[in-house]
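The values are calculated or read from the model by the stated rules, or taken from the named source; none is laboratory data. Keep in mind it's a predicted model, so treat the numbers as computed, not measured. When we count neighbours, we look across all protein chains shown, and the Cβ atoms used for this are built from the backbone with ideal geometry, even at glycine. Heavy atoms of the whole protein, side chains included, go into the accessibility calculation; ligands, DNA and RNA do not. Shrake-Rupley method; radii C 1.70, N 1.55, O 1.52, S 1.80 Å.
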Amino acid sequence: MTTPSTTPTLYIEGPALWAPTLPGWDVARAALRGEGAPADPPVKRPAPQVLAPAERRRAPDSVAIALEVAAAAVAAAGRQAVDLPCIFASAHGDLAINDYMCATLASEPTLLSPTKFHNSVHNAAVGYWTIGTGCMASSNSVSSFEATFAAGLLEAAAQCACDQQAVLLTGFDVQAVGPLASAVHSEGMLAAAMVIAPQRSERSVAAFDWSLATGPSQPLALQSDAARALQGNSLADALPIYEALARGGEAQLALPLSARLALHLSIRPLA
């Protein structure tokens, strides 16, 4: 592999993770370290408090889990969502709604639900977030199939480094259903978020150096049973990062962006 020129060191604040078996960073961190058990039975979907009650009920699973981790990350970072640029990353958006849309259009198109329609767009989650929090900063929606979280992290890191401003990164994906499941493999629900900052603060939990490298790349092996149980989800490329953050040691990760390009991370914990 070849590695390009050096990029600035950046800092991670407020890591957040949510899955039915790992409902929150405290539970997830212990399970990813092998020191705690996943939730049993798995919990139901969260109810993100940034939405009004009526919107909370109507929001699909993809939006609910994305907003849950985004709010947790911002709170843990001690920041305000209203002026924090954000990037939301999802390989597929909401696959259940996409399945509904395709089935309805094929059978009874006049019965298509306007609510389901506006939830079908890929930037639905970031739209709910900016409306619910009053965020007026820049926002973006990223998709890159099985390299989606890595692509979102690259986007967030580049934006943070260029603008010298903290950025919220949120990733999420849900279950594939119906005929789409024969073409797209994604199991369960998984969401992850963090704030990427250009300077160290009292809320920083880790620093990381980052670069792009060309050459063959392979998905990273997961270290914990808790993470391996989630690797069927399309956002599973986030899990090696969260294992590294949970375990607290230094970590060298190469996250595939494509068959010939990888995002290299050198993560070190901060006391």
Exercise for the section: Sort through GLY178, GLY132, GLY152, GLY171 and tell me the only one that's under 26 Å from PRO42 (Cβ atoms) and surrounded by fewer than 19 Cβ atoms within 10 Å (Cβ to Cβ). Expected result: GLY178
Practice task
Take the residues in the stretch 31-40 that are in contact (Cβ under 8 Å) with a residue 24 or more places away in the chain and surrounded by 15 or more Cβ atoms within 10 Å (Cβ to Cβ), then tell me which one is farthest from VAL205 (Cα to Cα).
Solution key: PRO38
Completion exercise
Going through (1) touching a Lys or Arg at 6+ places or on another chain (Cβ under 7 Å); (2) touching a residue at least 60 places away in the same chain (Cβ under 8 Å); (3) surrounded by 16 or more Cβ atoms within 10 Å (Cβ to Cβ) one by one, LEU222 fails only at (2)
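Farther than 30 Å from ARG247 by Cα and buried (at least 21 other Cβ atoms within 10 Å of the Cβ), is that true of ASN119? If you could, list the steps in order and put the result at the bottom.
Details: farther than 30 Å from ARG247 by Cα: yes; buried (at least 21 other Cβ atoms within 10 Å of the Cβ): yes.
The answer is yes for ASN119.
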Practice task
Inspect all residues belonging to the stretch 46-59 and state whether any of them is β-branched (Val, Ile, Thr) and either modelled with pLDDT of 95 or more or farther than 26 Å from ALA246 by Cβ (or both).
Solution key: no
Exercise for the section: Restricting attention to the stretch 204-219, report how many residues are among the aromatic types (Phe, Trp, Tyr) and either open to solvent by 20 Å² or more (accessible area, probe 1.4 Å) or over 28 Å from ALA166 (Cα atoms) (or both). Expected result: 1
Fill in the blank from the handout: Of ALA236, ALA192, ALA244, ALA227, the only residue that is under 21 Å from ALA30 (Cα atoms) and in contact with a Gly (Cβ under 8 Å, 6 or more places away or on another chain) is ALA192
